1. Beyond a 20 Å Cα-Cα separation, which of these cross-linked pairs lie in this structure: Lys219/Lys272; Lys216/Lys268; Lys217/Lys270; Lys88/Lys122?
2. How charged is the neighbourhood of Tyr201? Take every other residue with its Cβ under 12 Å from the Cβ of Tyr201, and add Lys/Arg as +1 and Asp/Glu as -1.
3. Where Lys and Arg each count +1 and Asp and Glu each count -1, what net charge lies around Glu141 among other residues with Cβ under 13 Å from its Cβ?
4. What is region 261-301 by shape, rounded, prolate or oblate, if you read a ≥ b ≥ c off the alpha carbon gyration tensor as root eigenvalues and call it rounded for a/c under 1.5, prolate for a/b larger than b/c, and oblate otherwise?
5. Once the dipole of region 89-144 is set up with Lys and Arg at +1 and Asp and Glu at -1 on Cβ about the Cα centre, which of Val138, Leu118, Gly101 lies farthest towards its positive end?
6. Among Arg97, Arg82, what's the order by accessible area (1.4 angstrom probe), most exposed first?
7. Would you tally the net charge around Ser213, using a Cβ to Cβ cut-off of less than 12 Å, leaving Ser213 out, and scoring K and R as +1, D and E as -1?
8. Starting from the Cα of Ser104, step 7 Å along the direction of its Cβ; do the same at Glu154; then give the gap between the two resulting points in nm.
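The values are calculated or read from the model by the stated rules, or taken from the named source; none is laboratory data. Keep in mind that this is a model prediction, so the values were computed, not measured. Positions of Cβ are generated from backbone atoms using ideal geometry, with glycine treated the same way; all protein chains shown enter the neighbour counts. These area figures cover heavy atoms from the full protein model, side chains too; ligands, DNA and RNA do not enter into them. Shrake-Rupley method; radii C 1.70, N 1.55, O 1.52, S 1.80 Å.
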Amino acid sequence: MKDAALFKAVIENVVDGIVVINKNGLIRCVNPSACLLFGYTSDELCGKNVSMLMQAPEGARHAGYVERYELTGQAAIIGKGREVKAVKKGGIVFPARLAVGEASHEDQQVYIGIIHDLSLEKEAEEKLQKYTNKLEAVVEERTGFLKNIVHTLEQAKDEVNISLQKEREVNRLKTRFVSMASHEFRTPLSGIQLSASLIEYYYNRQDKQKVLSHLKKIKVSVGELTAILDDFLSVEKIEAGKLKSCFKEFDIREMCLEVMAEVGTQSKPKQKIRYKHKGDTTTVSLDCTLLRHCLINLLTNAIKYSGEDAFIHIETIINSKMYHLRVRDNGIGIPANDQANLFEAFFRAQNTTGIQGTGLGLNIVKRYADMMNGFVRFESVENQGSVFTISFPIAKKKANYSRVCVCDEDHSSC
């Protein structure tokens, strides 16, 4: 009897709610903590179905749990229990942990449910989660800030590297320029000085033919110096953005004939320059000055790198989509190993040693062609000759790119 009284005292004073039900789910008895937890009196609960204390659909599932135990002998929530949504009087829902045990009383099987209120724990968990989220947000924000700093530093590093690379490139070009200029200027200047001295010598002897011959040499040397200076100025204007293309209509045939007459005086003995045009019209819409400079460079190279008795062909082609300007020679050609670098500033092929040149001509041709939305392509075989073609789309809209094209001759695959 003393043990029964002690057990009753424990049940009535335990913190968690205790609800005893029969196999039909009807409440047999509850302890005071259960009444306090749910807000009901003992009389209000006894004889009622336990589902009234659980939120749907948990309450509806309870009958299934009891039936499952009757069949299998295993309660679904015996032991540590599981979380459920319990309902107070008045409909207030709160989280709880429900553990179920079973016992025999007066030859009947009863089930004992122990309900622990998780409201304070859930509130603490929620506060902890909010605090964790806040910390994560702060960490993410600071991480993002650090990433931005790192990205900015990387950009600055890249800019510095680019600046250093450009500086190294400028220094390299300066070195090549000084080396080239000292050689290319010295040759014609020496020729001018020598011819001037010989003119004085032959003038005193009244040898008119010798004087005229050396005057011609002086003119040629002056022309070479002028061409070198023009190349330098052209590159400087392009780099500084001072040179802009100006499109207008002109007769390309007349322009080619004028350049032939002008540059033809520099041709070697017995060299022959031929021109032909294909197309229903000779009118193009390009920058005449830039295209003229391109043709002068290509034709001068053809003359310079071809031997005596050589044939040089200039051809213009106009079809429904493109303008083409082509210069063909049977000169020394370009070694295969040098062709990839042909359009670099100050670059000269390895087989041009001893032939005057700045290495700027083809670089200028390409850049002028780019300014007119054109493409430069070439074919060359060493000791057999070269063919350079500049092609321009007839559409006047400028593209925002440039490239060197080595496609098929009529440009259809570009």
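1. Lys219/Lys272
2. 0
3. Summing Lys and Arg as +1 and Asp and Glu as -1 gives +1.
4. Verdict is oblate for region 261-301.
5. Among Val138, Leu118, Gly101, the one farthest towards the positive end of the dipole of region 89-144 is Val138.
6. These residues rank, largest area first, as Arg97, Arg82.
7. Once positives and negatives cancel, what remains is +4.
8. Those two pseudo-labels are separated by 7.4 nm.
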